[in-house]
Amino acid sequence: MTKFTDLGLSEPILKALATDGYETPTPIQAQAIPIVLAGKDLMGIAQTGTGKTAAFALPIIEQLLKNPRMAPRRGCRVLVLSPTRELASQIAESFRSYSKNVRLSIAVVFGGVAAGPQVRKLANGVDILVATPGRLLDHVDGKMLRLDQVEHFVLDEADQMLDLGFIHAIRRVVPMLPARRQTLFFSATMPKTIKELADTILTNPETVAVTPVAKTADRVEQSVIFVEQSGKKAVLTEILRSADVSRALVFTRTKHGADKVVRQLDEAGIQSAAIHGNKSQAQRERALGSFRTGHIKILVATDIAARGIDVDGVSHVVNHDVPNVAESYVHRIGRTARAGAAGLAISLVANDERAYLRDIERLIKQSIPSTDRRSEAGMREPEGDGAASQKQNNRGGGRPQGQQRPNGGGGRPQQGRGARPNGGGEGRHRPDGRRADGSRADGELGGMPFMQNKPSGKRREGRPLGERRSADRG
């Protein structure tokens, strides 16, 4: 079995890895590190949770140590682009951890915070810069940053860059880089637009593909609950009140939906929090901090938010809304069953989401065990301790007052796969990476904490799928 000591890394790096308890590289690390050390371009097809951050960070640090030089003034030797603020911070922290025994300057820049401290940090130049595209271009346009001395360029989570509308910003950045550079390109999926982008910025790349997106974690017990849209609130509340829930992630399609779920849980006496692009950086950090420490056990999130959440001990993942892109399902449920633990993934499926469920089952090549609770038309949400009593008259199977009728009979919602959901969701922005109001849209996040519980009733059996866990969770 390959060990980090077999990969040609220097003693200071190996010592840092040993301190953190890492001895054996993940598959992508074992394959990618020698390629990067050889100075070649790399195309890495890997999802979050495979250890890809270390796959590029470790060999880059090694190359900087073997080729020491001063960082260029108002420039950087290494540029890493990330789609979200949280993920950028996580990558920068990984670089700091792996380089703790050497002297390297590392900076991270993103929107949503004051630019002044970032400008001061960049003034004398840094060895490694991790950035979101919008704020990076703000500094470049303000003549506070130059990119003509970059030696190593990393584009991480390219498919999420596409989802957030940052592809045009990336196309602006690439011509600013030196022609002679090493480029490392990572994406969980490879749609046509991403493949075309990779072809334009990579030179004779080596390709490493691990953990196909159609595979789900071995230890995740998956289940489906068929329920009317009007009944999701009550079912979710019931799930999260389970004593089995130690830490839970609840997923919605939109930021508006995440906020709504938080309000509903609060009315039921269940404490939770949301993170998304409409929150300040301080609010997001407080929510994530409370979730990590266990002060709150339920976090409600959108798919974009999940890319920046790296928390162990998540016992439950609940899909309040079924994702309209099948690959997102795999990313979502991969947030549980980490570090050898087991986990539960429960999806609440309304009639108008059944087409999405079929797409998911085709992707993962398995039928997910299900329970049908659509007949419980008169079901009332449980009343929590201290919660507001909100009893609604559902005579004759009618929908609760104020609830919209679900779209009909198993049909696909109007927006279609991959389209931006209605209701204020996180979607594409203008080509310059700004929202319609002119503000930057770096790292849109949405989410809230929540808890969940095993569904009851008969279920049809499905076979589990396997997914490797990462050393650094990418």
Sole residue being over 25 Å from the mean Cα position of the chain (by Cα), modelled with pLDDT of 95 or more, buried (at least 21 other Cβ atoms within 10 Å of the Cβ) and not charged (D, E, K, R), chosen from V154, V150: V150
Residue within the stretch 110-125 that is at pLDDT 95 or above and under 24 Å from the mean Cα position of the chain (by Cα) present: no
Condition met for E86 (in a helix (DSSP H, G or I), charged (D, E, K, R), at pLDDT below 95 and in contact with a helix residue (DSSP H, G or I) (Cβ under 9 Å, 6 or more places away or on another chain)): yes
Meets criteria (assigned by TED's automatic domain parsing to the domain that holds N204, of a type outside the set (V, I, T) and out of contact with any helix residue (DSSP H, G or I) (no Cβ under 7 Å at 6 or more places or on another chain)) for G39: yes
Checklist (1) at pLDDT 95 or above; (2) of a type in the set (D, E); (3) touching a Pro at 6+ places or on another chain (Cβ under 7 Å) applied to D218, failing item: (1)
Matching residues in the stretch 166-205 - criterion: being part of a strand (DSSP E or B) and either farther than 20 Å from K52 by Cα or among the aliphatic types (A, V, I, L, M) (or both): L184
Matching residues, the stretch 336-367, being of a type in the set (V, I, T) and either without any contact (Cβ under 8 Å) to a residue 12 or more places away in the chain or out of contact with any helix residue (DSSP H, G or I) (no Cβ under 9 Å at 6 or more places or on another chain) (or both): T336
Qualifying residue in the stretch 322-336 (condition: outside any loop (DSSP other than H, G, I, E, B) and more than 25 Å from T84 (Cα to Cα)): no
Index of the failed condition, F226 passing every other in (1) surrounded by fewer than 24 Cβ atoms within 10 Å (Cβ to Cβ); (2) in the same structural domain as K297 (by TED's automatic domain parsing); (3) at pLDDT below 95: (3)
E327 without any contact (Cβ under 8 Å) to a residue 12 or more places away in the chain and among the charged types (D, E, K, R): no
Matching residues in the stretch 12-37 - criterion: being part of a helix (DSSP H, G or I) and among the polar types (S, T, N, Q): T19, Q29, Q31
Some residue of the stretch 299-312 being outside the structural domain of G112 (by TED's automatic domain parsing), at pLDDT 95 or above and of a type in the set (S, T, Y): no
Residues of the stretch 1-33 satisfying the condition of being out of contact with any Asp or Glu (no Cβ under 7 Å at 6 or more places or on another chain), surrounded by fewer than 19 Cβ atoms within 10 Å (Cβ to Cβ) and more than 17 Å from L64 (Cβ to Cβ): M1, T2, T5, D6, A18, T19, D20, G21, E23, T24, P27
Residue match in the stretch 51-67 (condition: of a type in the set (D, E, K, R), surrounded by fewer than 24 Cβ atoms within 10 Å (Cβ to Cβ) and touching a strand residue (DSSP E or B) at 6+ places or on another chain (Cβ under 9 Å)): no
Where V317 falls short, out of the listed (1) under 30 Å from G111 (Cβ atoms); (2) among the aliphatic types (A, V, I, L, M); (3) outside any strand (DSSP E or B): (3)
The lone exception for H295 - which of (1) surrounded by fewer than 24 Cβ atoms within 10 Å (Cβ to Cβ); (2) touching a residue at least 40 places away in the same chain (Cβ under 8 Å) it fails: (2)
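The values are calculated or read from the model by the stated rules, or taken from the named source; none is laboratory data. If you're wondering where the values come from, they're calculated on a predicted model, not measured in any experiment. In this analysis, Cβ positions are derived from the backbone assuming ideal geometry, glycine residues included, and neighbour counts consider all displayed protein chains.
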